Amino acid sequence: TERKTADRKDSGKEEQKMELNLGDKVVYQIYPKSFRDSDGDGIGDLNGIRKKIPYLAKLGVDVLWLNPIYASPQVDNGYDISNYREIEPTFGTMEDFGNLLAEAHEAGLKIILDLVVNHTSDQHPWFQESRKSKDNPYSDYYIWKDEVINNWGSSFGGSAWEYAEERAQYYLHCFAKEQPDLNWENPKVRQEVYDILRFWLDKGIDGFRMDVISLLSKDQSFPDGPVIQNKAYGSYYAGCANGPRVHEFLQEMNREVLSKYDIMTVGETPHTNADEAALYTDESRKELNMVFHFDHMHLDYDENGKYATNRVPLVALKKVMTQWQDKMHECNGWNSLYWCNHDQARAVTRFGNDSEEYREISAKMLGTCLHMMQGTPYIYEGEELGMTNADFTKIEEYKDVEALDIFKDFTERKGFSKEDTLHLLHLKSRDNARTPMQWDASENAGFSEAQPWIRVNANYKRINTENALADSDSVFYYYQKLIALRHELPIITDGVYELLDAENEKIYAYLRKGEKESLIVLCNFTDETVEYEVDESVKAERSKLVISNYKDAPEKFASKITMKPYGAYVYYTK
Ligand code: NOJ
């Protein structure tokens, strides 16, 4: 597509947001640190990604989302940025980035970057200045108070307020203390951010994933938050999530920057329900194209929050997914579809079954269930292989600040045993998604010649891209087919979603309805064979199977169907 430039807006042409037609696009998420190391330091890098462009093109995805690649002390793996206009040296140089972008574009792949502007690193020059005094040009770039004014706790443990000796005040950090929150009330801060956006957009990138964008606007009364999930502190969401000016800020950002480029945007919006999401994504409001919600990620929480042994109940999952399908359709918004990312457990372990017997079949079922929905599917690196949770046995193997904090908090304050806490980390830690991508059966899974920064999963000899590419029945080729189907069948983009059999605890059945055609999607979420009778309202005289994870799936739709363990069956009818 032809890139719009700033001056085209002056020609009086109405701005258009996102000219990439999102409808049939599929995004692949790359965690650069763990994708492929090209220079032998045990850390993935940009040139490593470049080498794998043919692999990504073969899978058939349209857009690559890279987690933060900017200069960073890496306290939170790049979500603590010290220079927004430089590449993190362990990842490469600006020249490497230019080459990656050019080669990706040549291969028909778009690239979106992670925009982290709720907070910076405490090493960012703005903060270094800001902390010095109350009356320098950067004093108001962050949120400073004379006292700890409320009960908020940081996401990674401890109070959300940290004392800075030099300035004799406290600053707010919703995340680690090395991640001070920016003060979006200050118009200078906003202009600085817009300049950063322009800097990257003018290089020709294709959009942004926007980190915790729902937290930008703080309620200036800074109200106490409820103490939930047996935490030591109150929740900052009370005064940060979907705050009073967040839509005003995003509309300003859209008006001043986003609307002038042909790009896509996806906001990460913790603590945002479908009604609130409509405000971010309704096209006519000119904010973002879509958001990542967390409603389906919260279904296996217990009284201690995320670190729980619960499985996601299917009826609740269907309810949440259906709410979002319906709401985004109705409000002229758009869904982001994901099972996992760099902050979540591996999809097959969490929602499927990672035993030897069912790993591949259940990974394919999950892919089917998600990819036939309306919205933009996001594939997290390794999901297309059915990669599983990490197999760490000691706390020393975990690297994530969240995991280390949880270990401390659960064992020291909550009184959990080390063993039980390690089990919870095995189920839910963010590091489950961050172990190196498994390329082949050679040492370090072909990820690096050096010892990787985080240990490779021991199952890499079995689960790797080399094996997957050599096996026509692999999860990889199944995902390739799911992606191709989205490109081929407009009904996957446009069809109206309709849930069937809401209360069924084993089967996820839904339709996508068009004017003359429809899809019938049937997924068995259990390891049992289920004799299933599809709702009698569903009639399909002429039908054909478009995809199934079982070779002997019936070619024609019949309302009585034997659904094998983790079976997925999609029928097209006209
Ligand atoms: C959400 C990101 O996905 C996560 O990895 C990070 O720790 C927090 N935001 C803070 O930036």
statement: Exactly one of 312, 266 is more than 16 Å from the ligand (Cβ to nearest atom), among the hydrophobic types (A, V, I, L, M, F, W, C) and at pLDDT 95 or above, and that residue is 312
message: Pull out all pairs, ordered by first then second residue, where Cβ-Cβ is under 6 Å, the residues are six or more apart or on different chains, the first lies in the range 305-332 and is open to solvent by 20 Å² or more (accessible area, probe 1.4 Å), and the second is modelled with pLDDT under 95 and part of a helix (DSSP H, G or I).
response: 332/283
- prompt: Counting just the residues of the range 490-540 that are polar (S, T, N, Q) and within 21 Å of residue 351 (Cβ to Cβ), which one comes out most open to solvent (accessible area, probe 1.4 Å)?
  reply: 529
- request: Take the residues in the range 452-468 that are in contact (Cβ under 8 Å) with a residue 24 or more places away in the chain and open to solvent by 60 Å² or more (accessible area, probe 1.4 Å), then tell me which one is nearest to residue 34 (Cα to Cα).
  value: 455
- prompt: Got a number for residues in the range 394-416 being of a type in the set (Lys, Arg) and within 16 Å of the ligand (Cβ to nearest atom)?
  reply: 1
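Count, please, the residues in the range 94-129 that happen to be assigned to a loop (DSSP other than H, G, I, E, B) and surrounded by 15 or more Cβ atoms within 10 Å (Cβ to Cβ).
Here the count works out to 9.
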Counted residues, the range 360-376 - those being open to solvent by 20 Å² or more (accessible area, probe 1.4 Å) and farther than 18 Å from residue 547 by Cβ: 0
statement: Scanning the range 555-574 residue by residue, those over 33 Å from the mean Cα position of the chain (by Cα), touching a residue at least 12 places away in the same chain (Cβ under 8 Å) and open to solvent by 20 Å² or more (accessible area, probe 1.4 Å) turn out to be 556, 557, 559, 560, 562, 574
message: Just to be sure before I move on: is residue 298 free of Cβ contacts under 8 Å to residues at least 40 places away in the same chain and either closer than 30 Å to residue 421 by Cβ or open to solvent by less than 60 Å² (accessible area, probe 1.4 Å) (or both) in the structure I sent?
response: yes
- request: Look through 140, 135 and report the one residue that is free of Cβ contacts under 8 Å to residues at least 24 places away in the same chain, over 21 Å from residue 41 (Cα atoms), acidic (Asp, Glu) and open to solvent by 20 Å² or more (accessible area, probe 1.4 Å).
  value: 135
- line: Across the range 35-86, the tally of residues that are buried (at least 21 other Cβ atoms within 10 Å of the Cβ), among the β-branched types (Val, Ile, Thr) and away from the ligand (no atom under 16 Å from the Cβ) stands at 4
- request: Output the residue which, of all residues in the range 239-254 that are without any contact (Cβ under 8 Å) to a residue 40 or more places away in the chain and at negative phi, is nearest to the ligand (Cβ to nearest atom).
  value: 241
field: Checklist (1) open to solvent by less than 10 Å² (accessible area, probe 1.4 Å); (2) away from the ligand (no atom under 16 Å from the Cβ) applied to residue 346, failing item
entry: (2)
- request: Could you tell me whether the range 531-540 includes any residue that is closer than 20 Å to residue 321 by Cα and more than 28 Å from the chain's Cα centre (by Cα)?
  value: yes
query: Which is more than 16 Å from the ligand (Cβ to nearest atom) and under 33 Å from the mean Cα position of the chain (by Cα), of 148, 117?
result: 148
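For residue 428, are the conditions met, namely being open to solvent by 40 Å² or more (accessible area, probe 1.4 Å), within 16 Å of the ligand (Cβ to nearest atom), within 27 Å of residue 28 (Cβ to Cβ) and out of contact with any Pro (no Cβ under 9 Å at 6 or more places or on another chain)?
On the way: open to solvent by 40 Å² or more (accessible area, probe 1.4 Å): no; within 16 Å of the ligand (Cβ to nearest atom): yes; within 27 Å of residue 28 (Cβ to Cβ): yes; out of contact with any Pro (no Cβ under 9 Å at 6 or more places or on another chain): yes.
Considered against the rule, which asks whether it is open to solvent by 40 Å² or more (accessible area, probe 1.4 Å), within 16 Å of the ligand (Cβ to nearest atom), within 27 Å of residue 28 (Cβ to Cβ) and out of contact with any Pro (no Cβ under 9 Å at 6 or more places or on another chain), residue 428 comes out as no.
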Residue in the range 159-166 that is hydroxyl-bearing (Ser, Thr, Tyr) and within 16 Å of the ligand (Cβ to nearest atom) present: no
statement: Cβ pairs under 6 Å, 6+ apart or interchain, first in the range 267-295 and touching a residue at least 12 places away in the same chain (Cβ under 8 Å) and open to solvent by 30 Å² or more (accessible area, probe 1.4 Å), second in a loop (DSSP other than H, G, I, E, B) and not charged (D, E, K, R), ordered by first then second residue, are 271/241; 276/242; 282/331; 282/332; 282/333; 283/332; 294/270
- request: Say whether the condition of being part of a helix (DSSP H, G or I), over 26 Å from the mean Cα position of the chain (by Cα) and more than 24 Å from residue 373 (Cβ to Cβ) is met by at least one residue in the range 472-494.
  value: no
task: Among the residues of the range 170-182, count how many are surrounded by fewer than 20 Cβ atoms within 10 Å (Cβ to Cβ) and not aromatic (Phe, Trp, Tyr).
output: 1
- line: Here the residues within the range 199-238 that are in contact (Cβ under 8 Å) with a residue 24 or more places away in the chain and among the hydroxyl-bearing types (Ser, Thr, Tyr) are 214, 217, 233, 235, 236, 237
- prompt: What is the number of the single condition among (1) within 15 Å of the ligand (Cβ to nearest atom); (2) within 22 Å of residue 431 (Cβ to Cβ); (3) buried (at least 17 other Cβ atoms within 10 Å of the Cβ) that residue 91 does not meet?
  reply: (1)
- prompt: Quick one: is residue 401 among the β-branched types (Val, Ile, Thr) and touching a strand residue (DSSP E or B) at 6+ places or on another chain (Cβ under 6 Å)?
  reply: no
field: Selection status of residue 547, crowded, with 16+ Cβ neighbours inside 10 Å and part of a strand (DSSP E or B)
entry: yes
message: For the range 174-231, give me each residue that is away from the ligand (no atom under 16 Å from the Cβ), under 21 Å from residue 293 (Cα atoms) and β-branched (Val, Ile, Thr).
response: 228
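The values are calculated or read from the model by the stated rules, or taken from the named source; none is laboratory data. Please read these numbers as outputs of a predicted model, since none were measured by experiment. All Cβ positions, even for glycine, are placed from backbone atoms using ideal geometry, and neighbour counts span all protein chains on display. Please note that ligands, DNA and RNA were not included when accessible areas were found on the heavy atoms of the full protein model with its side chains. Shrake-Rupley method; radii C 1.70, N 1.55, O 1.52, S 1.80 Å.
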